[in-house]
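Here the structure is laid out as structure tokens; the discussion comes afterwards.
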Amino acid sequence: MNRRYRKTIIAGNWKMNKTPSEAKALIEEMKGMLSKTKWCEVVLCVPFTDIQTAVKAAKGSKIAIGAENMHFEKSGAFTGEVSADMLKELGVKYVIIGHSERRQYFNETDETCNKKVKVAIENGLRPILCVGESLTEREQDVTMEVIRKQVKIALQGVTVDEAKKVVIAYEPIWAIGTGKTATSEQAGEVCAKIRDCLREMYGARAARAITIQYGGSMNAKNAAELLAQPDVDGGLIGGASLKAPDFAAIVDAANQN
Ligand code: PEP
């Protein structure tokens, strides 16, 4: 983390978990546990069906609500999809774009991520853009080639001022939901190289202001070590964001002096 230049952001990704009543109960429980939040933003990205309840439950707390996806079109014949307008009206502040599960199961591409990132920003939503390599790509030593391509295409046409609103989540696919965390050195190295890429694209000032999270089996035990890396500015957390004590412990780790 480097709090001097950029915000630390701890974001949960609930994936396809929790009904609205379960969401309300979990947020109430979390609110009672989030004692230290001075140094970071706390976000919960929840299923579409939970958004309204979650926004209401989080009111008056430091928790901002995010969505897990959105469509890039404003409206129209896109059965089952949800637009940025719709999310904004519900009080959503963040939206995850290009999570590896969406890339893998729902044919998201760098090009659709690019459209979504731009539309999210136009509508005042902060995109959490997910990038990351597969195990095969890591073994073939092409991690940075893969990630640079993902970052560069997803940010095509995004201006310097707009780029400062983007959060990048480095999520090695092999670490998501597997219990296999990247070492803090691996996470720190890739996040630093992502910042190098942002520096080439936007210059040093903008690059140092952009929050880059790590995601992939981050938990109460390993969070402090991962967050101690200078270029790891927070976490995108799946499994551990479904348990209030675990999520609160990660937020605490981000608030250590
Ligand atoms: C995620 O869903 O983005 C994620 C990182 O999941 P987990 O923490 O469960 O690996």
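Out of T37, T19, one residue alone is surrounded by fewer than 21 Cβ atoms within 10 Å (Cβ to Cβ), in contact (Cβ under 8 Å) with a residue 12 or more places away in the chain, of a type in the set (S, T, N, Q) and within 16 Å of G235 (Cβ to Cβ). It is T37.
Of all residues in segment 60-75, those satisfying the criterion of being in contact with a strand residue (DSSP E or B) (Cβ under 9 Å, 6 or more places away or on another chain), assigned to a loop (DSSP other than H, G, I, E, B) and buried (at least 18 other Cβ atoms within 10 Å of the Cβ) are E68, N69, M70.
The sole residue among G32, G91, G98 that is surrounded by fewer than 24 Cβ atoms within 10 Å (Cβ to Cβ) and at positive phi is G91.
Flag: G32 matches the condition of being modelled with pLDDT under 95, under 29 Å from L227 (Cα atoms), assigned to a helix (DSSP H, G or I) and small (G, A, S). For segment 185-210, the candidate set comprises residues that are without any contact (Cβ under 8 Å) to a residue 60 or more places away in the chain and of a type in the set (D, E, K, R); within that set, the residue that is most open to solvent (accessible area, probe 1.4 Å) is R205. Quick check, is D252 more than 17 Å from the chain's Cα centre (by Cα) and in contact (Cβ under 8 Å) with a residue 60 or more places away in the chain? Yes, satisfied. Would you be able to say whether some residue in segment 48-57 is in contact with a Gly (Cβ under 7 Å, 6 or more places away or on another chain) and β-branched (V, I, T)? Yes, that holds for at least one residue. Taken over segment 139-184, the criterion of being away from the ligand (no atom under 13 Å from the Cβ), over 18 Å from C113 (Cα atoms) and open to solvent by 60 Å² or more (accessible area, probe 1.4 Å) is satisfied by E139, Q140, D141, D161, T183. Of the residues in segment 227-244, none is open to solvent by 30 Å² or more (accessible area, probe 1.4 Å), more than 11 Å from the ligand (Cβ to nearest atom) and in a helix (DSSP H, G or I). Just to be sure before I move on: is A206 assigned to a helix (DSSP H, G or I) and over 18 Å from C130 (Cα atoms) in the structure I sent? Against the criterion (assigned to a helix (DSSP H, G or I) and over 18 Å from C130 (Cα atoms)), A206 qualifies.
The values are calculated or read from the model by the stated rules, or taken from the named source; none is laboratory data. Here the structure is a predicted model, which is why all the values come from computation and not from measurement. Because the Cβ atoms are built from the backbone with ideal geometry, glycine has one as well, and the counts that use them run over all protein chains shown. When the accessible area is computed, the model is the full protein with side chains, heavy atoms only, and any ligands, DNA or RNA have been set aside. Shrake-Rupley method; radii C 1.70, N 1.55, O 1.52, S 1.80 Å.
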